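Trainee: A single structure is presented below for examination.
Read-outs throughout are calculated quantities, based only on the coordinates presented, and are distinct from any laboratory measurement. Quantities reported herein were computed from a predicted structural model and do not represent experimental measurements.
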Amino acid sequence: MANPAIQKPLMLGSILQGIMVAVGKFVPALGTQANFYPIVGTVISVLMGAQVGRGTPGPLASALGGGAVVGGGCSLVGSALAALTGQAAGMEMQTIGIATGTGAVSGLIGAVLGRVLPRRPA
């Protein structure tokens, strides 16, 4: 069964990662900065993980797993797009592996933050 607490952040995070790759490709002043992709990609993963943490009912472990899946999943999409567009020339597999792993950890951290930080009043 599909979990909407994971589906929506995964879809949004993947779209945001795609936008990040497009900006990096078509705005060379940003794309050639050494830390553009790692910083923006990590922030996206943390934010999407926080959405999972807030939206997943039940124990914290469920939210942690979901945050890791979403963070790693959207980072996988972003790094694969970067590799396909030639922005990771010569290091495609390393880029995909490192980005997916760090994205999973970032999503997990985001899930914790989503659980512990207070919510805005409606």
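Trainee: Taking N as the number of residues in the chain, what value does Rg over Cα atoms divided by 2.2 N^0.38 Å take?
Mentor: 1.06
Trainee: So what's the back-of-envelope 222 nm ellipticity for the chain, counting only DSSP H runs of four-plus at -39500 (n - 2.57) apiece and dividing by all residues, rounded to 500?
Mentor: Numbers: 5 runs with 97 residues, N = 122.
Helix contribution divided over all residues of the chain: -27000 deg cm²/dmol.
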